[in-house]
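Notes follow once the structure below has been shown.
The values are calculated or read from the model by the stated rules, or taken from the named source; none is laboratory data. Remember, it's a predicted structure, so these values are computed and weren't measured experimentally. Glycine also receives a Cβ, built like all others from the backbone with ideal geometry; neighbour counts cover every protein chain displayed. Accessible surface is based on the protein model in full, side chains and every heavy atom, while ligands, DNA and RNA are left aside. Shrake-Rupley method; radii C 1.70, N 1.55, O 1.52, S 1.80 Å.
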Amino acid sequence: MNTNVLEGRVAVITGGSRGIGLGIAIAYRAAGAHVVIAARKAAGLATAREELLRVKGDGDVLTVVANAGEPDQAEACVDQTMERLGRIDVLVNNAATNPYHGDLLGLDLPRAEKTVRVNQYGMLAWTRFAWQAWMGAHGGAVINIASVGGLIVDPHIGYYNATKAAMLHMTRQLAYELGPAVRVNAIAPGLIKTELARAVWEARESILTARLPLRRLGTVEDVANAALFLASDASSWMTGQTLVLDGGATALPIGVEE
Ligand SMILES: NC(=O)c1ccc[n+]([C@@H]2O[C@H](COP(=O)([O-])OP(=O)(O)OC[C@H]3O[C@@H](n4cnc5c(N)ncnc54)[C@H](OP(=O)(O)O)[C@@H]3O)[C@@H](O)[C@H]2O)c1
């Protein structure tokens with residue numbers, strides 16, 4: 001792929017201060033985009049901004065303190081982006097929350113509402129504001145970071161996974177509703193070595209990877225490469241789809257232990 005595939009374009013990335021979101025921001029900077037990263041904590045955003053400017057010194061890196069689950073903060077971020085950079089070509093709905101581990105029937109309403117608010121309604125609100133401000137009239141690409149958990153059953157994080165499954169469905173629905181101006185696609189990562197998932201992978205990495213066809217966990221670069229493809233014109237005839245990046249975890253025979 002041409003290295004400057006996003007030259008001059010503006011990309012907004014929620015949860016862009018670390019992990020997968022920062023990895024995507026780095027890939028987009030390297031491809032020539034101006035990037036806007038949003039997260040809840042200013043300190044993390046400031047550190048991420050320095051890292052992004054080291055990737056490429058020219059062009060803009062805007063940081064915005066915004067909770068993905070607060071629509072007024074989403075709108076304010078989009079407004080600031082339009083004031084400073086004048087366009088929004090790419091939106092990556094990456095921020096998510098997972099406040100509950102346990103079986104579905106044990107889930108309380110406050111944590112259920114928080115999960116839906118950030119993971120499910122959040123992606124809708126950010127997409128709506130980006131559409132209204134720029135994309136509806138000028139086109140663009142929306143990329144939703146879901147999870148392979150949206151396709152499978154897990155003993156501990158079923159509700160989080162249900163919101164990720166909803167993201168996959170809304171990706172298709174929005175592709176239908178927002179075409180032809182805007183393409184909407186999703187990425188469903190398997191286990192990626194970030195802080196969010198450290199408790200899952202750190203002590204058991206060799207066990208977890210032994211059964212994977214590709215024998216390793218994912219990296220933020222694996223996801224960033226796919227997100228770059230989905231943001232670029234290389235995927236211009238693709239919408240409503242989900243790229244599963246899981247090292248082959250969902251390509252295993254059912255009931256076979258090794
Ligand atoms: N890591 C995995 O194995 C894995 C697998 C499948 C899917 N995913 C998905 O990938 C995405 C990123 O995960 P990650 O592993 O990169 O997480 P991470 O390393 O914990 O990073 C999360 C980022 O999102 C921000 N954030 C968290 N809650 C937010 C909120 N309510 N509003 C705005 N920003 C928020 C964080 O900054 P602040 O704390 O400052 O807000 C940070 O920038 C999520 O959608 C996750 O569900 C991850």
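Apply 1/(1 + (r/R0)^6) to the Cβ-Cβ distance of H101 and I207, taking R0 = 25 Å, and write down the FRET efficiency to the nearest 0.05. Mind dumping the intermediate values first?
Working: r = 20 Å, r/R0 = 0.78.
Efficiency for this residue pair is about 0.80.
Could I have the simple spin-label model distance between A43 and H169, label points 7 Å from Cα toward Cβ, reported in nm to one decimal?
4.0 nm
So, with a 1.4 angstrom probe, what is the percent of accessible area on the chain that is carbon and sulfur? Before the final figure, lay out the partial values.
Working: 6910 of 12620 Å².
Roughly 55 percent, rounded to a whole number.
Tell me what the chain gives for mean residue ellipticity at 222 nm when only DSSP H runs of n ≥ 4 count, each as -39,500 (n - 2.57), the sum divided by the residue total, rounded to 500 deg cm²/dmol. Before the final figure, lay out each step's value.
On the way: 9 runs with 100 residues, N = 258.
The per-residue figure over the chain is -12000 deg cm²/dmol.
What do you reckon, how do D60, D72 stack up by accessible area (1.4 Å probe), largest on top?
Working: D60 55, D72 100 Å².
From most accessible down to least: D72, D60.
For the stretch 26-87, take the alpha-carbon Rg, divide it by the Kirkwood Rh, and send me Rg/Rh.
Working: Rg = 11.6 Å, Rh = 12.0 Å.
For the stretch 26-87, the value is 0.97.
Mind ranking 207-215, 13-21, 48-56 by how tightly packed they are, going by the mean number of other C-beta atoms within 10 angstrom, highest first?
Averaged packing, sorted descending, gives the order 13-21, 48-56, 207-215.
Considering only protein heavy atoms, what per residue accessible area in square angstrom results for the chain with a 1.4 angstrom probe?
49 Å²
Per residue, what volume in Å³ does the convex hull of the Cα atoms of the stretch 10-242 enclose? Intermediate values should be presented prior to the final figure.
Working: hull volume 29.2 nm³, N = 233.
Considering the Cα atoms of the stretch 10-242, their hull volume per residue is 125 Å³.
Multiply the residue gap between E51 and V153 by 0.36 nm, knock off their C-alpha separation, and tell me the result in nm, one decimal place. Before the final figure, lay out each step's value.
On the way: separation 102, 0.36 × 102 = 36.72 nm, distance 3.67 nm.
Value of the extension gain: 33.0 nm.
List the residues, sorted by chain then number, that are 5 or more residues from A186 or on another chain and whose placed amide H is less than 5 Å from its amide H.
Result for A186 returns N144, Q241, T242, L243.
Among residues other than A30 whose Cβ falls under 14 Å from its Cβ, what is the net charge (Lys/Arg +1, Asp/Glu -1)? Intermediate results must be reported in sequence, preceding the final value.
Details: positive: R9, R29, R54, K56; negative: E7, E51, D58, E221.
Neighbourhood net charge equals 0.
Would you please put 184-195, 243-254, 81-92 in order of how densely packed they are, using the mean number of other Cβ atoms within 10 angstrom per residue and starting with the highest? Kindly include the intermediate steps, with their values, before the conclusion.
On the way: 184-195: 22.2, 243-254: 14.8, 81-92: 20.1.
Per-residue mean Cβ counts within 10 Å order the peptides as 184-195, 81-92, 243-254.
Compute the signed sum of charges (Lys and Arg +1, Asp and Glu -1) over the other residues within less than 9 Å, Cβ to Cβ, of V184.
On the way: positive: R172, R183; negative: E177.
Local net charge: +1.
How much of the pair distance distribution for the stretch 89-133 lies past 13 Å, counting alpha-carbon pairs only, in percent? Kindly include the intermediate steps, with their values, before the conclusion.
Working: 575 of 990 pairs.
The calculated P(r) of the stretch 89-133 puts 58 percent of pairs beyond 13 Å.
Tell me, in nm to one decimal, what length is gained between N4 and E177 on full extension, where the rule is 0.36 nm per residue of separation less the Cα-Cα distance? Write down the numbers at each step before the final one.
Numbers: separation 173, 0.36 × 173 = 62.28 nm, distance 2.97 nm.
Extending this stretch completely gives an extra 59.3 nm.
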